[in-house]
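These notes concern the structure reproduced below.
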Amino acid sequence: MRFSDLLHPTERGLYCPVADVYIDPVAPVPRALVTHGHADHARSGHGAVLATGQTLDIMALRYGADFTGARQVAGPDRVQINGVQFEFAPAGHVLGSAQIRLSHRGMTITVSGDYCRLPNPTCAEWQPLPAHVFVTEATFALPVFTHPDPMGEIGKLMTSLRAFPDRAHMVGAYALGKAQRVIALIRAAGWDAPIYIHGSLQALCAYHQEQGIDLGELRPATAETVTKAETAGQIVIAPPSAFNSPWMRRFADPVVGFASGWMQIRNRAKARGVELPMVISDHVDWPDLTRTIQELAPEETWITHGREDALMRWCEMTQRVGRPLRLVGYEDEAE
């Protein structure tokens, strides 16, 4: 039996024909296994979904309670489907994110989804799942991407708040994972004042708090009662898309920041009009990506969405077997 007999790419995503299931399919399928709740991996309309309880909750928040015909929580025990065992373990990416290891007839494949090895106060820490094949993302798979200490990046925000106490500080952060991580990092830096959040973040922030993640006092930044005077010298978290809307006019001479791994590229920050770029990523950078492959030592490394060519070249230079999967439909929502 070949590895591709157990799992292979299709137009709908990675498919396991033995169990007749897809992993993170990009179109509706009868049975889907979902690694995490970002929209490019977790889509609605499947006949049935198997995922962690937190990912299922997040999908329900984003798509409505009827986002799938049936759902099953992936717990600590392995799930068997048509003789294939599926095991879920934390990916360290966002709340509820998981890697999935397939086992069948002595053959193992780990699908990592999106993952991060840096400590993250808003989700479970990444755990190794050794396998014959490791399927890895390649979002930041270029040697130029070496992510700095997140607390150091938050320190830039704290410095700016002291330097410009009369200006609101707007931090762009995506709704699931990044926003809550940035808030937690701000709290860890000693900021105990209320943090204002855009309305699109409220449901997901509330869910994180229900799961025991302390985000401190959060106030809505969309209420008509919020004034420029009230937000002067305060922190406001919002999705980056909100920065191009009339909503921005209600804040006091805002300092525009953006928390993303892409902020390491100056042209991206400049193009977005970002005055305060913060390099904070929920994906592995190049050193952690290559370190992970070295530590897991799989027989083959399959590379999904991202910068496949550089990682393929690294595999060749280190005498490893690499295979680009050329999957489409996965974007960088998490960044």
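The values are calculated or read from the model by the stated rules, or taken from the named source; none is laboratory data. All values derive from a computational prediction rather than experimental measurement. Glycine also receives a Cβ, built like all others from the backbone with ideal geometry; neighbour counts cover every protein chain displayed. Ligands, DNA and RNA are excluded from the accessible area calculation, which covers all protein heavy atoms including side chains. Shrake-Rupley method; radii C 1.70, N 1.55, O 1.52, S 1.80 Å.
Every residue in the range 246-278 that is of a type in the set (D, E) and under 15 Å from Q234 (Cα atoms), please. So that I can check it myself, show each step before the final result.
First pass over the range 246-278, keeping only residues of a type in the set (D, E): 253, 275.
The one that is of a type in the set (D, E) and under 15 Å from Q234 (Cα atoms): D253.
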field: Hits in the range 296-319 - residues which are surrounded by 18 or more Cβ atoms within 10 Å (Cβ to Cβ), part of a strand (DSSP E or B) and not hydrophobic (A, V, I, L, M, F, W, C)
entry: T301, T304, H305, G306
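Can you name the strands (runs of 3 or more DSSP E) wholly within the range 48-97 that have at least 2 residues being crowded, with 21+ Cβ neighbours inside 10 Å?
Working: elements: 68-73, 79-81, 84-90.
It comes to 84-90.
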task: Name, by its number, the condition in (1) open to solvent by 10 Å² or more (accessible area, probe 1.4 Å); (2) within 26 Å of Q264 (Cβ to Cβ) that does not hold for A206.
output: (2)
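Of all residues in the range 216-230, count the ones that are over 28 Å from the mean Cα position of the chain (by Cα), of a type in the set (G, A, S) and part of a loop (DSSP other than H, G, I, E, B). Write out each step before concluding.
Start the filter on the range 216-230 by keeping residues that are over 28 Å from the mean Cα position of the chain (by Cα), which leaves 223-230.
Now narrow it down to the ones that are of a type in the set (G, A, S): 223, 229.
Going one step further and asking which of them are part of a loop (DSSP other than H, G, I, E, B), we end up with 223.
Of the residues in the range 216-230, 1 are over 28 Å from the mean Cα position of the chain (by Cα), of a type in the set (G, A, S) and part of a loop (DSSP other than H, G, I, E, B).
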message: As an exercise: evaluate A19 against (1) of a type outside the set (K, R); (2) part of a loop (DSSP other than H, G, I, E, B); (3) over 22 Å from P130 (Cβ atoms) and give the number of the one condition it does not meet.
response: (3)
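Could you please find all residues in the range 193-215 being assigned to a loop (DSSP other than H, G, I, E, B) and either touching an Asp or Glu at 6+ places or on another chain (Cβ under 6 Å) or without any contact (Cβ under 8 Å) to a residue 40 or more places away in the chain (or both)?
Residues of the range 193-215 that are assigned to a loop (DSSP other than H, G, I, E, B), as a first pass: 193-194, 198, 211-215.
Listed by number, the residues that qualify are P194, G212, D214, L215.
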field: Residue identified as buried (at least 24 other Cβ atoms within 10 Å of the Cβ), farther than 30 Å from E295 by Cα and modelled with pLDDT of 95 or more among A173, A193, A189, A163
entry: A173
query: Can you name the condition, by its number, that L95 falls short on among (1) at pLDDT below 95; (2) over 17 Å from T136 (Cβ atoms)?
result: (1)
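Just wondering, is there one or more residues in the range 98-107 that are of a type outside the set (A, V, I, L, M), touching a strand residue (DSSP E or B) at 6+ places or on another chain (Cβ under 8 Å) and assigned to a loop (DSSP other than H, G, I, E, B)? Please lay out each step first, then the result.
Residues of the range 98-107 that are of a type outside the set (A, V, I, L, M), as a first pass: 99, 101, 103-106.
Filter once more, keeping what is touching a strand residue (DSSP E or B) at 6+ places or on another chain (Cβ under 8 Å): 99, 101, 103-104.
Now restrict to residues that are assigned to a loop (DSSP other than H, G, I, E, B): none.
No, because not a single residue in the range 98-107 is of a type outside the set (A, V, I, L, M), touching a strand residue (DSSP E or B) at 6+ places or on another chain (Cβ under 8 Å) and assigned to a loop (DSSP other than H, G, I, E, B).
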- prompt: Yes or no: Q234 modelled with pLDDT of 95 or more and either open to solvent by less than 20 Å² (accessible area, probe 1.4 Å) or closer than 19 Å to D192 by Cβ (or both)?
  reply: yes
Residue selected from the range 8-40 under the condition among the aliphatic types (A, V, I, L, M) and either open to solvent by 50 Å² or more (accessible area, probe 1.4 Å) or within 16 Å of A98 (Cβ to Cβ) (or both), by the criterion nearest to the chain's Cα centre (by Cα): V34
task: Check off (1) in contact (Cβ under 8 Å) with a residue 60 or more places away in the chain; (2) out of contact with any Asp or Glu (no Cβ under 8 Å at 6 or more places or on another chain); (3) of a type outside the set (K, R) for A252 and give me the number that stays unchecked.
output: (2)
- prompt: So is G152 surrounded by fewer than 19 Cβ atoms within 10 Å (Cβ to Cβ) and under 18 Å from L118 (Cβ atoms) or not?
  reply: yes
statement: For the range 253-285 the number of residues that are open to solvent by 40 Å² or more (accessible area, probe 1.4 Å) and farther than 18 Å from I154 by Cβ is 9
message: Quick check on the range 237-252: of everything there that is open to solvent by less than 20 Å² (accessible area, probe 1.4 Å) and in a helix (DSSP H, G or I), which residue is nearest to G273 (Cα to Cα)?
response: P240
query: Restricting the search to the range 289-306, which residues are under 22 Å from R326 (Cα atoms) and among the acidic types (D, E)?
result: E299, E300
